[in-house]
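Undergrad: Provided herewith is a single structure, encoded as structure tokens, for subsequent inquiry.
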Amino acid sequence: MKTENIKIKDKNYTLFIQYQHDEKLRMEFNRMTQHFWEFDFENYYQSGFWGDNCILYSLFVNDKIVSHITVSLFEKAEKTLMQLGTVMTDENHQKQGLNRFLMERISVDFKDKIEGTFLFANETVLDYYPKFGLIPVPEFEHFQIKRNTDFIQKYKKRKLNLENGKDFKLFELLVEKNNTNSKFQTKNKGLSFFYCYAYPQMGFKDAIYFIDELNCVVVAQLERQVLHIVEIFSESEMKLDEVIGSFSDFPFEEIVLDFTPKQTTGFQSRDYKEDDLQLFVSNELQLAFIEGQLRINSLAHT
């Protein structure tokens with residue numbers, strides 16, 4: 001944990017960085033996230049998977065948190081990708097330069113250490129993030145209009161129960177060894193367990209399957225006859241038709257990938273947007289998103 005005394009516009013603040021192990025500070029952070037998002041990070045912390053690649057940056061006045069940004073880091077071969085999330089400032093402390101200070105401080109702390117930055121923001125702040133070199137870009141969703149009867153089930157699947165020790169270890173192993181099937185790599189073990197284990201109410205914990213012959217774990221959900229392949233964890237790149245075929249006992253009429261596949265043959269693409277959220281990326285990532293028709297993996301959002 002880092003602690004610094006900061007002065008912004010003649011007012012005194014305390015900057016706390018990576019303080020999740022301090023219970024008092026963490027509870028105050030949770031209070032703020034509940035207030036803004038009706039959600040907190042306590043299950044994540046208690047799960048034991050909150051690692052060093054999820055970094056809290058918060059400004060406090062005495063014992064009260066007043067502004068915050070979470071940094072999430074994603075593994076790459078050489079450098080890393082950085083996502084900024086849970087951006088919030090107390091209503092009584094807005095328009096005082098607190099978020100700007102955090103944005104600029106994070107930029108300095110990670111200069112020359114990352115390959116690029118991205119974040120999601122609602123449409124009320126479209127003019128704000130370009131001030132920090134972040135550019136709005138479109139996302140694209142890859143899909144197929146095919147019925148389950150169009151596929152042959154060559155390989156059987158079984159649902160994993162992460163409360164079972166063996167299933168848990170199998171899932172953890174493939175998450176750790178994952179050779180991503182996505183064109184835009186966002187590997188982060190902590191976030192995978194955040195979505196798939198720490199918060200069952202999100203629905204992913206009950207949607208995890210193992211295909212033994214392919215030695216892969218698939219997070220898949222069926223919604224209104226649409227099969228969503230949310231994520232694939234495997235040591236080698238999978239043939240998507242074989243993966244989808246394992247779910248041909250599900251009654252679907254369309255397949256949607258919640259990530260950008262490396263091989264897009266046989267898939268169509270269309271504009272994608274989640275609710276009113278706009279994706280912003282740093283200049284290093286802009287061309288890749290526009291030319292590559294990419295989207296951020298669902299299990300990478302913060």
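Undergrad: Remind me, relative contact order of region 139-292 in percent, using alpha carbon pairs under 8 angstrom and six or more residues apart?
TA: Values: 256 pairs, mean separation 58.2, N = 154.
It comes to 38 percent, rounded to a whole number.
Undergrad: Charges only on Cβ, +1 for Lys and Arg, -1 for Asp and Glu: so what's the dipole of region 2-112 about the Cα centre, in debye to the nearest 20?
TA: Values: 14 positive and 17 negative charges, 85 e Å.
Rounded to the nearest 20 debye, it is 420 debye.
Undergrad: Using a Gaussian network model of the chain whose springs link C-alpha atoms within less than 10 Å, name the residue from 80, 186, 124 with the highest mean-square fluctuation.
TA: Most flexible of the set in this elastic network: 124.
Undergrad: Given 246, 214, 99, which one lies farthest toward the positive end of the charge dipole of the chain, if we put +1 on the Cβ of every Lys and Arg and -1 on the Cβ of every Asp and Glu?
TA: Among 246, 214, 99, the one farthest towards the positive end of the dipole of the chain is 99.
Undergrad: Please sort by residue number the GluC sites (Glu not before Pro) in region 150-233 whose DSSP state is loop and whose Cβ has at most 12 other Cβ atoms within 10 Å. Spell out each step's value before the answer.
TA: On the way: sites: 163, 172, 176, 213, 223, 231; in loops: 163.
Listed in order of number, the matching sites are 163.
Undergrad: Tally Lys/Arg at +1 and Asp/Glu at -1 over every other residue whose Cβ is under 10 Å from the Cβ of residue 212; what's the total?
TA: Details: positive: 156, 157, 158; negative: 213.
After counting each charged neighbour, the total is +2.
Undergrad: Let me check against my output: what whole-number percent is the relative contact order of the chain, with C-alpha pairs under 8 Å and at least 6 apart? Write out the running numbers ahead of the final one.
TA: Numbers: 589 pairs, mean separation 63.9, N = 302.
Here the relative contact order equals 21 percent.
Undergrad: What is the dipole size for region 166-283, taken about its Cα centre, with +1 at each Lys and Arg Cβ and -1 at each Asp and Glu Cβ, in debye to the nearest 20?
TA: Here the size comes out at about 400 debye.
Undergrad: Based on DSSP loop calls and a cut-off of at most 10 other Cβ atoms within 10 Å, the longest stretch of the chain free of exposed trypsin sites (Lys or Arg not before Pro) is what?
TA: Segment 114-223 is the longest.
Undergrad: Right, here's the next one. With the cut-off at 1.5 for a/c, could you classify region 2-112 from its C-alpha gyration tensor as rounded, prolate or oblate?
TA: Numbers: a/c = 1.77, a/b = 1.18, b/c = 1.50.
Taking the square roots of the gyration eigenvalues as a ≥ b ≥ c, region 2-112 is oblate.
Undergrad: Please report the spacing between the Cα centers of region 1-80 and region 216-267 in Å, no decimals.
TA: Here the answer is 35 Å between Cα centres.
Undergrad: Relative contact order for region 227-302: what is it in percent, counting Cα pairs under 8 Å that are at least 6 residues apart? Please report the intermediate quantities before stating the final value.
TA: On the way: 43 pairs, mean separation 34.1, N = 76.
Result for region 227-302 is 45 percent.
Undergrad: Just tell me the longest site-free run in the chain, where the sites are chymotrypsin sites (Phe, Trp or Tyr not before Pro) in a DSSP loop having at most 15 other beta-carbon atoms within 10 Å.
TA: Values: sites that count: 39, 128, 155.
Longest run free of exposed loop sites: 156-302.
Undergrad: With each label point set 7 Å from Cα along the Cα-Cβ vector, what nm distance links residue 271 and residue 226?
TA: Output for this residue pair reads 1.6 nm.
Undergrad: Oh, and also: Expressed as an acute angle from 0 to 90° and rounded to the nearest 10, what is the orientation of the C-alpha long axis of helix 23-37 relative to the principal long axis of the chain?
TA: 70 degrees
Undergrad: Sticking with this structure for a sec: With a Förster radius of 22 Å, plug the Cβ-Cβ distance of residue 284 and residue 95 into 1/(1 + (r/R0)^6) and report the FRET value to the nearest 0.05. Display every interim value, and only then the final one.
TA: Details: r = 30 Å, r/R0 = 1.36.
Approximately 0.15, to the nearest 0.05.
Undergrad: Going by alpha carbons, how many degrees (0 to 90, nearest 10) lie between the helix axis of 283-292 and the longest principal axis of the chain?
TA: 20 degrees
Undergrad: Moving on to the next point. Where both residues lie in region 142-270, what percent of DSSP beta bridges are antiparallel, nearest 5?
TA: Working: 20 of 24 bridges.
Restricted to region 142-270, the bridges split so that about 85 percent are antiparallel.
Undergrad: Straight distance only, please: which aspartates and glutamates reach the Cα of residue 166 with their own Cα at less than 19 Å, same-chain residues fewer than 8 apart left out?
TA: Qualifying aspartates and glutamates at Cα under 19 Å: 176, 206, 212, 213, 235.
Undergrad: Still on this model: Starting from the Cα of residue 154, draw a straight line to each of the lysines and keep only those under 19 Å, dropping any in the same chain fewer than 8 residues away.
TA: 146, 239
Undergrad: Okay, moving on. Can you compute the FRET efficiency between residue 61 and residue 30 using 1/(1 + (r/R0)^6), with r the Cβ-Cβ distance and R0 = 25 Å? Round to the nearest 0.05. List each step's numbers first, then the result.
TA: Details: r = 18 Å, r/R0 = 0.70.
After rounding, the FRET efficiency stands at 0.90.
Undergrad: Let me ask something else about it. What angle, in degrees between 0 and 90 and rounded to the nearest 10, separates the Cα long axis of helix 98-109 from the longest principal axis of the Cα atoms of the chain?
TA: Rounded to the nearest ten degrees, it is 70.
Undergrad: If you place +1 on the Cβ of every Lys and Arg, -1 on the Cβ of every Asp and Glu, and leave all else neutral, what size is the dipole of the chain about its Cα centre, to the nearest 20 Debye?
TA: Values: 36 positive and 46 negative charges, 82 e Å.
The dipole of the chain has a size of about 400 debye.
No value in this document is a laboratory result; all are computed from the given coordinates. What you see is a predicted model, and the numbers here were worked out from it, not measured in a lab. Counting neighbours? That spans all protein chains shown, and the Cβs are built from the backbone with ideal geometry, glycine included.
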